[in-house]
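Chemist: Let me begin by handing over the structure; questions about it come next.
The values are calculated or read from the model by the stated rules, or taken from the named source; none is laboratory data. From a predicted model like this one, the values you see are computed outputs, not experimental measurements. All Cβ positions, glycine included, derive from the backbone under ideal geometry; neighbour counts span all protein chains shown. What goes into the accessible areas is simple: the full protein's heavy atoms, side chains included, and nothing from ligands, DNA or RNA. Shrake-Rupley method; radii C 1.70, N 1.55, O 1.52, S 1.80 Å.
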Amino acid sequence: MKRILTGLKPSGELTLGSLIGGISQTVKYQEDYESFIFVPDLHAITVEQDPKTLKERIRKNVALYIACGVNPEKNTIYIQSDNLYHANLSWVLECHTYMGEASRMTQYKDKSSKGENVSVGLFTYPILMAADILLYDADFVPTGIDQKQHVELARNIANRFNNKYGKTFVVPEPLIPEVGAKIMDLQNPTQKMSKSADNYKGTILLLDSEDVIRKKIASAVTDSEGRIYYDPENKPGISNLLTIYSCLSKMPLKDVEEKFKESNYGDFKKEVADIIVNTLTTIQEKYNNLINSSKLDEILDDGKEKTIKIAKEKYDAVIKKVGLNR
Ligand code: TRP
């Protein structure tokens, strides 16, 4: 069985965008792949965090993944900072990465161009991500389109290392879903719905109440044409709502367009809100049963133990090839 690996940062609340773009794909893939799923909390501190909030979110995110259908029997679920080998391997990989290629990463360029709070960790972030992936011989990395460039960097580093020292790492491939890879902000539909948005008006959080969800959808930005069809360039708001409906109903986009062709925006929005509320209510029930249970700790302890074993083996092989240690 091929192995996949994915992570979602706990640097903000999980959103409908994370569910559609990442988590629900992961749930699908668990049938066909051996899956590793982790909370990259070390990545979270590349930007400033409140320690208490961060700690809560780590636990919350794991509970949410599972509530969204990530099956702990089928997946290895763990927390990045539980395993010291991630940061250790990252150092070795940093020494095999050029400044030029790291400087080309668009996420870094975007964040650093805003000028605030630019840590060195923000710059080396993709290399730590490469370590996350390469430690476990992941064949595929299911991820949003925004992370594709980082997976490509991991491929480059893996190839470079393999060429220099002999076959050490599996060269990973990104797995990008076709529809719903990118859910946009409801207020600003040319921007991605973000889990670290400053305000959550345009973002649906997985733990939002029914009331809040309905309000956010009702006030989603659309256009004045009054016709419903998919055209992300000229109708980003409506197209985004169509995409959301298509992903949650599992109906092809074409059929969704057909279904709402005669509707007005108000009725259409109500149906979009209904399907979001239905989906999230079920998830929230499961979440509430898990969040304070010892079951959750057992799952994470198992994941920790299993991944440390795997990572140690890989890391030992790496330092031996590089000539480190005795
Ligand atoms: N960079 C990813 C994100 O922003 C999170 C992440 C860290 C990740 N390490 C990873 C994703 C390894 C996949 C594989 O969402």
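Chemist: Working only within the stretch 85-105, note down all residues that are closer than 26 Å to residue 303 by Cβ and free of Cβ contacts under 8 Å to residues at least 40 places away in the same chain.
Modeler: So in the stretch 85-105, the residues closer than 26 Å to residue 303 by Cβ come out as 85-94.
Hits for the stretch 85-105 are 91, 94.
Chemist: Find all pairs meeting these conditions: Cβ atoms under 6 angstrom apart; at least six residues apart or on different chains; first residue within the stretch 106-119 and over 17 Å from residue 151 (Cβ atoms); second residue surrounded by 14 or more Cβ atoms within 10 Å (Cβ to Cβ) and of a type in the set (Ser, Thr, Tyr).
Modeler: Listed pairs, sorted by first residue: 118/112; 119/46.
Chemist: For the structure I just gave you, tell me whether residue 35 is surrounded by fewer than 21 Cβ atoms within 10 Å (Cβ to Cβ), in contact with a helix residue (DSSP H, G or I) (Cβ under 9 Å, 6 or more places away or on another chain) and either at negative phi or not assigned by TED's automatic domain parsing to the domain that holds residue 154 (or both).
Modeler: Details: surrounded by fewer than 21 Cβ atoms within 10 Å (Cβ to Cβ): no; in contact with a helix residue (DSSP H, G or I) (Cβ under 9 Å, 6 or more places away or on another chain): yes; either at negative phi or not assigned by TED's automatic domain parsing to the domain that holds residue 154 (or both): yes.
When the stated conditions are applied, residue 35 does not pass them.
Chemist: Moving on to the next point. Restricting attention to the stretch 101-128, which residues are outside any helix (DSSP H, G or I) and either within 12 Å of the ligand (Cβ to nearest atom) or open to solvent by less than 20 Å² (accessible area, probe 1.4 Å) (or both)? Please lay out each step first, then the result.
Modeler: Filtering the stretch 101-128 for residues outside any helix (DSSP H, G or I) gives 104-105, 114-119.
Scanning the stretch 101-128 gives a single hit, 105.
Chemist: Confirm whether residue 131 is within 12 Å of the ligand (Cβ to nearest atom), touching a residue at least 40 places away in the same chain (Cβ under 8 Å), assigned to a helix (DSSP H, G or I) and open to solvent by less than 60 Å² (accessible area, probe 1.4 Å). Reasoning before the result, please.
Modeler: Numbers: within 12 Å of the ligand (Cβ to nearest atom): yes; touching a residue at least 40 places away in the same chain (Cβ under 8 Å): yes; assigned to a helix (DSSP H, G or I): yes; open to solvent by less than 60 Å² (accessible area, probe 1.4 Å): yes.
The answer is yes for residue 131.
Chemist: Has the stretch 184-194 got at least one residue that is under 29 Å from residue 286 (Cα atoms), within 15 Å of the ligand (Cβ to nearest atom), modelled with pLDDT under 95 and over 14 Å from the mean Cα position of the chain (by Cα)?
Modeler: No - not one qualifying residue is present in the stretch 184-194.
Chemist: Restricting the stretch 148-170 to residues that are in a helix (DSSP H, G or I) and out of contact with any helix residue (DSSP H, G or I) (no Cβ under 8 Å at 6 or more places or on another chain), which is nearest to the ligand (Cβ to nearest atom)? Spell out how you get there, then give the answer.
Modeler: In the first step, residues of the stretch 148-170 are kept if they are in a helix (DSSP H, G or I); the result is 148-165.
Pick out the ones that are also out of contact with any helix residue (DSSP H, G or I) (no Cβ under 8 Å at 6 or more places or on another chain) and you get 148, 152, 155, 159-160, 162-164.
On the way: 148: 11, 152: 12, 155: 12, 159: 18, 160: 19, 162: 19, 163: 23, 164: 23 Å.
Residue satisfying both the conditions and the ranking: 148.
Chemist: Looking for whichever is among the hydrophobic types (A, V, I, L, M, F, W, C), part of a loop (DSSP other than H, G, I, E, B) and either surrounded by fewer than 21 Cβ atoms within 10 Å (Cβ to Cβ) or more than 15 Å from the ligand (Cβ to nearest atom) (or both) here; the options are 92, 27, 47. Which one fits?
Modeler: Working: 92 fails: part of a loop (DSSP other than H, G, I, E, B); 27 fails: part of a loop (DSSP other than H, G, I, E, B).
Checking each option against the conditions leaves just 47.
Chemist: In the stretch 134-147, which residues are open to solvent by 30 Å² or more (accessible area, probe 1.4 Å), near the ligand (Cβ under 8 Å from one of its atoms) and of a type in the set (A, V, I, L, M, F, W, C)? Lay out the reasoning, then the answer.
Modeler: Step one: list which residues in the stretch 134-147 are open to solvent by 30 Å² or more (accessible area, probe 1.4 Å), which gives 137, 139-140, 145-146.
With the extra rule that they be near the ligand (Cβ under 8 Å from one of its atoms), the set shrinks to 146.
Within the stretch 134-147, no residue meets the criteria.
Chemist: Going by what's in this entry, would residue 208 be described as open to solvent by 10 Å² or more (accessible area, probe 1.4 Å), farther than 19 Å from residue 266 by Cβ and either under 25 Å from the mean Cα position of the chain (by Cα) or not hydroxyl-bearing (Ser, Thr, Tyr) (or both)?
Modeler: On the way: open to solvent by 10 Å² or more (accessible area, probe 1.4 Å): yes; farther than 19 Å from residue 266 by Cβ: yes; either under 25 Å from the mean Cα position of the chain (by Cα) or not hydroxyl-bearing (Ser, Thr, Tyr) (or both): yes.
So residue 208 passes the test.
Chemist: Further, regarding this structure: Of (1) in contact (Cβ under 8 Å) with a residue 60 or more places away in the chain; (2) in the same structural domain as residue 107 (by TED's automatic domain parsing); (3) not basic (Lys, Arg), residue 281 satisfies all except one. Which?
Modeler: Of everything listed in (1) in contact (Cβ under 8 Å) with a residue 60 or more places away in the chain; (2) in the same structural domain as residue 107 (by TED's automatic domain parsing); (3) not basic (Lys, Arg), residue 281 misses just condition (2).
A quick yes/no check of all residues on (1) more than 12 Å from the ligand (Cβ to nearest atom); (2) touching a strand residue (DSSP E or B) at 6+ places or on another chain (Cβ under 7 Å); (3) open to solvent by 20 Å² or more (accessible area, probe 1.4 Å):
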| residue | (1), (2), (3) |
| --- | --- |
| 18 | no, no, no |
| 40 | no, yes, no |
| 54 | yes, no, yes |
| 69 | yes, no, yes |
| 96 | yes, no, yes |
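Chemist: Which one is surrounded by the fewest Cβ atoms within 10 Å (Cβ to Cβ), of the residues in the stretch 286-323 that are free of Cβ contacts under 8 Å to residues at least 24 places away in the same chain and not in a helix (DSSP H, G or I)?
Modeler: Selected residue: 323.
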